[in-house]
Amino acid sequence: MTEQKGPTMPDRNNQFTIARDGNACAVIVVPRTPEPRLLDAVADIVHVIERMAGPTLPVLTEGIQPGDGAEIHIGRTNFVEKSRFLPESLPVNGYRVAVCAENGQPRLVIAGPTTLGTTHGVAGFLTDDLGVLWGMADPLFEDIPVRREVTVGPLDRTERPTFGFRTLLGPDLTWARRNRVDDGNRTLPYYGHSHNMHAIMPPDQYRDHPEYFAMRGGKRIIPDGHFGPQPCMTHPDVIRIGVEAARKYFDENPTHRTFSLCPNDTKEFCECPNCAALDAGMPMHRGNKIYSDSYFYWVEAVAKEILKSHPDKHLGTYGYWATVLPPRRKEKLPPNVVVFLTVDSSQYFDPEYEANDFNLLHEWRKVAHLVAYYDYYALGWFMPRVYHEIAGRTIKRIADIGVVGFHCEAYTHWAHNGAQFYLASRLGWDSSLDPAKLLDEWYARMFGEAAAQMRAFYECLERCWMEVKRPGRWFQGFDWIFDQFDFWPADARQEAWDLLENAYAAAKTEITRRRVDYVRRGHRTAYLMPVSYERAVALKADSPTLENDIRLVGAAYDEAINRYRRDIKTDPTYGHHYYIGTTYAEERNFLWWQAFLGDAIEKALAGRPELREKLVAEDTTVAELLRVRSEADAETLRRLGWVYRDLEARRGR
């Protein structure tokens, strides 16, 4: 957001020319010891001017390489410091950009109080003043206007974001920097979270004190890693250990603002008599038992002690899963507690679900001084999960409510979610912007003459997500590919694919064809995966075309998996285990998908040993699917049972 001008400098000039007629008219000046991230931002300026106007701007280090004439100062150079260029109230992720003068020589200054603020300033200057747009992470989606002359000014603008922090976990770091997304460093106001209880209470360190750990079913359980049960929240020593851990962290990291008191990633909490007494009578929420009273009893006790020793620091906590409801026994938490309320806004196609979430947010605002909004845009979905309208209105609404930060797990499927991440990056910086106009610009500049057709494609994906009649459900489809198949029916898939083909046909320029094809290739896996599943479900043992039917299952699987390996797995901008690692893709969802296909084939071949032998000998894909099914472990077999159970339920509807 733009605010009033900060301190002005003498000899202010009206305009500043960076390049003209293929020649550089200025040099870049950086501080004597710039951080690598600042140099990355400087490289962005050099790159943009080369593409925009032709010349390569020289980069000089102040005090080492003397300059003469017009200079672009990036970061806190001596000139910036001596002129008191930066307002004292500017947050670490804010910046000021201005055209001014030094001893009669023109200066363009882009600086923030930190390297993060300066990199945001560079991104803001390139976006807002030079008109650059980075629509997706792949360099193909860089849109830089071409000019004979690059001149800016009059210019003096100080900016700070709508939220104290805005972080998207997952997208390519270069794209994030170029779109003013905060990097998650702990100097950000109120930002400090992660499942941290296992680090506060290392099991190996306190194994001789089982009384420190959760009692479940009458037994103390010592956890293994950050998925294990929480410690005993009411034990005095556990409170003391939490205080000591926070104080040690702040003493060792004096510039960090927030320490995480967030629980392990599990809904299992201590149920000893003391903890159970606090949580007794707490209502269930979305099928889960809630332990907010015992957890925030511990949080409050730790927070009060930290207020005494580190009054300017904060403590991050989660309103998540088993602690998603506010505690009943606390009228107001200490002012240094930040509650990250976790939501799944993708489910806001259900008005009742959305209303319940915002009622919960308002209840948390009564209990906590500081509430941040924690969302999940992708959750590892391979099928399309597109909801631009929800994302736009939600960010604007939470800004109006007054949350202090916006964090989103955004493990990016660029072909499906590129526009949504762009929308979030722009609105997260300035929530006053119009989501519809931002999308208009994105379509027009990314897809040119095929913009109307690409808009129709994405609106088809969004319509499919929004109009399927179902109740909202927390983490719907997470880590379960078959749920995703159910929300992506054949008629919608074909309509979307036809629209994408129309867009490719409408593309006349090389850049538009390549961009549409990037989306087309990324989307093709989502089109093909359900085809293999549907063909497997349709197999009939008595079909006269059974051999061909089975080969078609294998062929659909083969094309889908090869598309994934070629177009997603090899694309470094997807870059997270939800898509190209083993945790959620190849060792879980893909394994279950393969095992189901093999199981369906095996069932159809029951009593047909000769045909089975022939297919195994002749069709390597079918043989591989049968092998995966034969080697399935107990967990995979259990999940196959879920698939058949859900199929029967759908047939009964």
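The values are calculated or read from the model by the stated rules, or taken from the named source; none is laboratory data. Only a predicted model underlies this, so the values are computations on that prediction, with no experimental measurement involved. No Cβ is skipped: glycine too gets one built from the backbone with ideal geometry, and neighbour counts run over all protein chains shown. Remember, those area values only see protein heavy atoms, side chains included, never the ligands or the DNA or RNA. Shrake-Rupley method; radii C 1.70, N 1.55, O 1.52, S 1.80 Å.
Can you give me the ranges of the helices (runs of 4 or more DSSP H) entirely in segment 492-594 with at least 2 residues that are at pLDDT 95 or above and closer than 25 Å to Ala623 by Cβ?
Numbers: elements: 510-537, 546-563, 577-580.
The helices (runs of 4 or more DSSP H) meeting that bar are 510-537, 546-563.
Of all residues being out of contact with any Ser or Thr (no Cβ under 9 Å at 6 or more places or on another chain) and of a type in the set (D, E, K, R) in segment 225-250, which is nearest to Pro203 (Cα to Cα)? Just the residue, please.
Asp237
How do the strands (runs of 3 or more DSSP E) wholly within segment 187-286 filter down when requiring 3 or more residues that are open to solvent by less than 20 Å² (accessible area, probe 1.4 Å): which remain? If you could, list the steps in order and put the result at the bottom.
Working: elements: 214-216, 219-221, 258-260.
In segment 187-286, the matching strands (runs of 3 or more DSSP E) lie at 258-260.
Among the numbered conditions (1) among the β-branched types (Val, Ile, Thr); (2) in a strand (DSSP E or B); (3) open to solvent by 40 Å² or more (accessible area, probe 1.4 Å), tell me where Thr56 comes up short.
Failed condition: (2).
Yes or no: segment 511-524 includes at least one residue that is farther than 21 Å from His413 by Cβ and not hydroxyl-bearing (Ser, Thr, Tyr).
There is at least one residue in segment 511-524 that is farther than 21 Å from His413 by Cβ and not hydroxyl-bearing (Ser, Thr, Tyr).
Would you say Pro154 is within 22 Å of Tyr297 (Cα to Cα) and assigned to a loop (DSSP other than H, G, I, E, B)?
no
Against the conditions (1) crowded, with 24+ Cβ neighbours inside 10 Å; (2) at pLDDT 95 or above, where does Thr412 fall short? Just the number, please.
(2)
Are any residues in segment 157-186 among the hydroxyl-bearing types (Ser, Thr, Tyr) and either within 22 Å of Val109 (Cβ to Cβ) or assigned to a loop (DSSP other than H, G, I, E, B) (or both), and if so, which ones?
Those that are among the hydroxyl-bearing types (Ser, Thr, Tyr) and either within 22 Å of Val109 (Cβ to Cβ) or assigned to a loop (DSSP other than H, G, I, E, B) (or both): Thr158, Thr162.
Keeping to segment 387-407, report how many residues are assigned to a helix (DSSP H, G or I), over 16 Å from Pro435 (Cβ atoms) and open to solvent by less than 10 Å² (accessible area, probe 1.4 Å).
0
Only one residue in Val48, Val42, Val80 is touching a helix residue (DSSP H, G or I) at 6+ places or on another chain (Cβ under 6 Å) and open to solvent by less than 20 Å² (accessible area, probe 1.4 Å). Which one?
Just one listed residue meets the conditions, Val48.
Being modelled with pLDDT of 95 or more and among the acidic types (Asp, Glu) is the requirement here; does Asp129 meet it?
Considered against the rule, which asks whether it is modelled with pLDDT of 95 or more and among the acidic types (Asp, Glu), Asp129 comes out as yes.
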